[in-house]
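Below you'll find the structure, written out as C-alpha cells, and then a few comments.
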Amino acid sequence: MQEQEYRFGANIIENLTTGMYQDSKVIYREYIQNACDQIDKAIEEGILQQNEGQIEIWFDQNNRTVTIRDNATGITAADFQRVLGNIADSDKDFSKDKGFRGIGRLCGLAYCRELIFESKAKGENIISKVICNAQKMRNLITEHHKGKKHEAGFVLKQIFHFETEQTDNNNDHYFTVELKGINDENNDLLDKIAIKNYLSFVAPVPYQNTFRFRTNIKKYAQEKNYNIDEYNIKLDGEQIFKNYTDKIKDNKGECTDEIFDIEFYDVKDENGNLLAWMWLGLSKFDKVLPKKTNPMRSFRLRKGNIQIGNEDVLQKLFNEERGQNYFVGEVFAVSTDLIPNSQRDYFNETPTRRNFEDSLQNFFSKDLYKIYYDGSKINSSVKKITDYEKDKTEYNKKEKTGIFINEEQKKNEYEKLKDKRLKAENAQNEIKKINEKAKENGGVYGQIIEQVINKVVKEENCLKPAPLPIQRPIQKRRTDELGKFNSKERKIIERVFEIIHLEMDTETADKLIDKITKGLKKGLR
C-alpha cells in the first residue's frame, strides 16, 4: 500500500497571518516578545550587559512604514535563511522563552504591502535580509480560494526573496522588522497614541516612577524568586512605561479616590505549588472604576511580564461581570505548565490551568466579592453619616441667620434631620459589624477591609454622628427681612415661600427663595 503524502494548502498561511489575530496591534506584541528573547540570550552570551538591551519602534507616516529594531544577538548569515524560512519550527524553549512557536513573525504579512527582516550578528561583516511580498501572498491565497490550488511551500517560495550585503562594521548586531506600505484599512498601526496606550499594558516595560508601589511589587516578586522582566522599549524615541498610577478618577476625569496601599495573594494548587502570584490595589472600593478615565482598571494576566489576552481575560472567574472592575492589579503566571496559546489570548487547556482557575476563582468569588460588596456598604454608610453632618450644619446656619420661613418649616426640617440622624446611627453600626466580621474572618479579606475602614472613616472624620441641635423657638422669620412690606403682604409672601418648599427639594427651594428675597429687597415692589 502506497504511503499517503500529506500536503498543506495555502489556507494554512492565511490562518497564520490574516486569520490569526482579531486585533492588528497584536503584531507589536509578537515582534517585541521575540526581541525580548534575543536580548535575554545576548545578555547570557555576554554580547549585552544588563539593561543595555533596546527595542525601538519608528513610524514613517508619509510612507506608511513601521520599523521595529532590537540590538540583541542578531542572526548569523549561516543560520538566517534556515531560521527565517522555517515556519512553526522554532528552536526556543517554551518553559523560559516568551515566543516559542515560530509563527509570530508571519503576522505582519496581513497588514502591509511588503514585510522585510534584516539582521546582522556580532563579529560578521554580512547583513542578511529577506523581503516578503505580502501583496503577492494575498493574491496567491485569493487564487487558491477561487480554485487554482497552491501548496503552502509554493506560496512561501514565491513571496520570500533572500539577499545579503557586505559591511565594514563587524561589531554591530541587530534584528529589524520593517512593515512597508501599511494597508489603508489598518491605520491603527500608525496611530502613535493608540500604540503607546496598547504597549503600556501589554509590553514587558517598567512601572512609571510616579507609581509609588512599584518597589513593593518588585520586592514581593524577589521573595517569590520571580524576576519581573522589564525591557527598554521606545516608540519614536519616547520610552514606554506601564501606565499605573495611584490616582482613581470619575467619569469626568476628576480624582475622587486613590490606591493607598497594595495587597498580595499567591495562587497555589491543592499540593501547595505556586502557580501564580498577584497584587491588587487598595482603594475605597466605592464603585466600579470608569474604564475611559482609568485604563489601568481590572486584573491584567501576565506571563513573562507580557499581557495574556485583554483586560477582561479573568472576568469569567468573578461571580458577576462587574466584579473585576472595582480593582486594579496584575496576576503573574509562574508555573511552566501555564502555556500561552498560539493567539496568546489565554493558556492552553491543561490540568495546571484548571488548578489555576479553581484557586483564583475561589479567591475572586469569596474574598474579593466580599471586599467590593462590603467596601461599597462602608462608603454608603459613611455618606449617610456625612450627609447628616452636612444637614445639621445647614440647619444651625438657618437658625442663626433667620432663614426659616416659620415654625412649621423649622419643625419639618428638624424632623427630617432626626430621620437622618437615625440613619447615621444605623450606618455607624453597619460599619462596626463589617469591622467585627473582618477581624473575625482575617485573611486577605479581613486585612483589606480593616484598612479600608480605617482609611475612609479617618478621611471623612465620621467616627460618631454628632448629637441633634437643641430645639429653640424661632427668633427670626425669613420674611422679617422684607420691612418694606406690611404684615398682610409678608403673610402672602410667606405663603408663597411655603408652597415653593412643598413643591421642591429643600436646597433648590432655598436657592429660589433667596433670589426672590434679594429681588424684593431691591425694590421690585
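Cβ-Cβ under 8 Å, sequence separation 6+ or interchain: first residue in region 127-145 and closer than 19 Å to F162 by Cα, partner at pLDDT below 90 and part of a strand (DSSP E or B). Which pairs?
Final answer for the pair search is V130/F160; I131/F160; C132/F160.
Test of understanding: among N348, N341, which residue is among the polar types (S, T, N, Q) and out of contact with any Leu (no Cβ under 9 Å at 6 or more places or on another chain)?
Values: N348 fails: out of contact with any Leu (no Cβ under 9 Å at 6 or more places or on another chain).
After applying the criteria, what remains is N341.
Which residue, of K292, K284, is crowded, with 17+ Cβ neighbours inside 10 Å, part of a loop (DSSP other than H, G, I, E, B) and of a type outside the set (S, T, N, Q)? Talk me through it step by step, then tell me what you get.
Working: K292 fails: crowded, with 17+ Cβ neighbours inside 10 Å.
K284 is the lone residue from the list that is crowded, with 17+ Cβ neighbours inside 10 Å, part of a loop (DSSP other than H, G, I, E, B) and of a type outside the set (S, T, N, Q).
Given the condition within 30 Å of E440 (Cβ to Cβ) and either outside any helix (DSSP H, G or I) or touching a Cys at 6+ places or on another chain (Cβ under 6 Å) (or both), answer yes or no: does some residue in region 331-344 qualify?
yes
Does any residue in region 483-503 that is in contact (Cβ under 8 Å) with a residue 40 or more places away in the chain come within less than 9 Å, Cβ to Cβ, of a residue that is surrounded by 14 or more Cβ atoms within 10 Å (Cβ to Cβ) and in a loop (DSSP other than H, G, I, E, B) six or more places away or on a different chain, and which pairs are these?
E494/I405; E494/N406; E494/R477; F497/I405; F497/N406; E498/I405; E498/N406; H501/I405
How many residues does region 193-236 contain that are touching a residue at least 40 places away in the same chain (Cβ under 8 Å) and either more than 16 Å from G329 (Cβ to Cβ) or of a type outside the set (K, R) (or both)? Let's see the steps before the verdict.
Keep residues of region 193-236 that are touching a residue at least 40 places away in the same chain (Cβ under 8 Å), which gives 194-204, 213, 216-217, 220-221, 224, 226, 228-236.
Cutting the leftovers down to either more than 16 Å from G329 (Cβ to Cβ) or of a type outside the set (K, R) (or both) gives us 194-204, 213, 216-217, 220-221, 226, 228-236.
The total comes to 26.
Any residue at all in region 158-173 that's assigned to a strand (DSSP E or B), more than 28 Å from I306 (Cβ to Cβ) and β-branched (V, I, T)?
yes
Quick test for you: out of K384, K400, K420, pick the one residue that is surrounded by fewer than 16 Cβ atoms within 10 Å (Cβ to Cβ), part of a helix (DSSP H, G or I), free of Cβ contacts under 8 Å to residues at least 60 places away in the same chain and not assigned by TED's automatic domain parsing to the domain that holds V496.
On the way: K384 fails: surrounded by fewer than 16 Cβ atoms within 10 Å (Cβ to Cβ); K420 fails: surrounded by fewer than 16 Cβ atoms within 10 Å (Cβ to Cβ).
Being surrounded by fewer than 16 Cβ atoms within 10 Å (Cβ to Cβ), part of a helix (DSSP H, G or I), free of Cβ contacts under 8 Å to residues at least 60 places away in the same chain and not assigned by TED's automatic domain parsing to the domain that holds V496 holds for just one of K384, K400, K420, which is K400.
Do you know which residues across region 191-244 are aliphatic (A, V, I, L, M) and closer than 23 Å to S24 by Cα? If you could, list the steps in order and put the result at the bottom.
Restricting attention to region 191-244, the residues satisfying the condition of being aliphatic (A, V, I, L, M) are 193-195, 199, 202-203, 205, 217, 221, 228, 233, 235, 240.
I193, A194, I195, L199, V202, A203, V205, I233, L235, I240, listed by residue number.
Hey, could you check region 106-151 for residues that are hydroxyl-bearing (S, T, Y) and more than 13 Å from I182 (Cα to Cα) and say which is nearest to the chain's Cα centre (by Cα)? Outline the logic, then answer.
As a first pass, look at region 106-151 and keep what is hydroxyl-bearing (S, T, Y): 111, 119, 128, 142.
Next cut, more than 13 Å from I182 (Cα to Cα) only: 119, 128, 142.
On the way: S119: 35, S128: 40, T142: 39 Å.
In this case the residue turns out to be S119.
With respect to S298, is the statement that it is buried (at least 20 other Cβ atoms within 10 Å of the Cβ) and either in contact with a Cys (Cβ under 6 Å, 6 or more places away or on another chain) or among the small types (G, A, S) (or both) true?
Numbers: buried (at least 20 other Cβ atoms within 10 Å of the Cβ): yes; either in contact with a Cys (Cβ under 6 Å, 6 or more places away or on another chain) or among the small types (G, A, S) (or both): yes.
Here the answer is yes, as S298 does meet what is asked.
Considering region 26-53 alone, what residues qualify as being surrounded by 18 or more Cβ atoms within 10 Å (Cβ to Cβ) and outside any helix (DSSP H, G or I)? Full working, then the answer.
Just the residues of region 26-53 that are surrounded by 18 or more Cβ atoms within 10 Å (Cβ to Cβ), to begin with: 26-40, 42, 47-48, 53.
Passing the criteria: I47, L48, G53.
Test N325 against the criterion of being assigned to a loop (DSSP other than H, G, I, E, B) and either in contact with a strand residue (DSSP E or B) (Cβ under 7 Å, 6 or more places away or on another chain) or farther than 21 Å from Q447 by Cβ (or both), and give yes or no. Working first, answer last.
Details: assigned to a loop (DSSP other than H, G, I, E, B): no; either in contact with a strand residue (DSSP E or B) (Cβ under 7 Å, 6 or more places away or on another chain) or farther than 21 Å from Q447 by Cβ (or both): yes.
No; evaluated as a whole, the condition is false for this residue.
How about region 423-443: which of its residues are among the small types (G, A, S) and surrounded by 12 or more Cβ atoms within 10 Å (Cβ to Cβ)?
Start the filter on region 423-443 by keeping residues that are among the small types (G, A, S), which leaves 424, 427, 438, 442-443.
Once the filter is applied, which keeps residues that are among the small types (G, A, S) and surrounded by 12 or more Cβ atoms within 10 Å (Cβ to Cβ), region 423-443 yields A424, A427, A438, G443.
Which of the residues that make up region 137-151 are over 19 Å from N86 (Cα atoms), charged (D, E, K, R) and surrounded by fewer than 17 Cβ atoms within 10 Å (Cβ to Cβ)? First the steps, then the outcome.
Residues of region 137-151 that are over 19 Å from N86 (Cα atoms), as a first pass: 138-149.
Cutting the leftovers down to charged (D, E, K, R) gives us 138, 143, 146, 148-149.
E143, K146, K148, K149 - these are the residues of region 137-151 that are over 19 Å from N86 (Cα atoms), charged (D, E, K, R) and surrounded by fewer than 17 Cβ atoms within 10 Å (Cβ to Cβ).
Determine whether region 474-489 contains at least one residue that is modelled with pLDDT of 85 or more, out of contact with any strand residue (DSSP E or B) (no Cβ under 7 Å at 6 or more places or on another chain), farther than 23 Å from K511 by Cβ and of a type in the set (S, T, Y).
Looking only at region 474-489, we keep the residues that are modelled with pLDDT of 85 or more, and these are none.
No: region 474-489 contains no residue that is modelled with pLDDT of 85 or more, out of contact with any strand residue (DSSP E or B) (no Cβ under 7 Å at 6 or more places or on another chain), farther than 23 Å from K511 by Cβ and of a type in the set (S, T, Y).
Only strands (runs of 3 or more DSSP E) wholly contained in region 194-278 count here; list those with 1 or more residues that are closer than 30 Å to W58 by Cβ. Before the answer, list the steps.
On the way: elements: 232-235, 247-249, 255-258, 261-268.
Passing ranges, in order: 232-235.
Filter region 70-87 down to residues that are surrounded by fewer than 19 Cβ atoms within 10 Å (Cβ to Cβ) and not aliphatic (A, V, I, L, M) and give me whichever is modelled with the lowest pLDDT.
Out of the qualifying residues, it is N86.
The values are calculated or read from the model by the stated rules, or taken from the named source; none is laboratory data. Just so you know, these numbers come straight off a predicted model, no measurement behind them. Cβ: placed from backbone, ideal geometry, glycine included. Neighbour counts: every protein chain shown.
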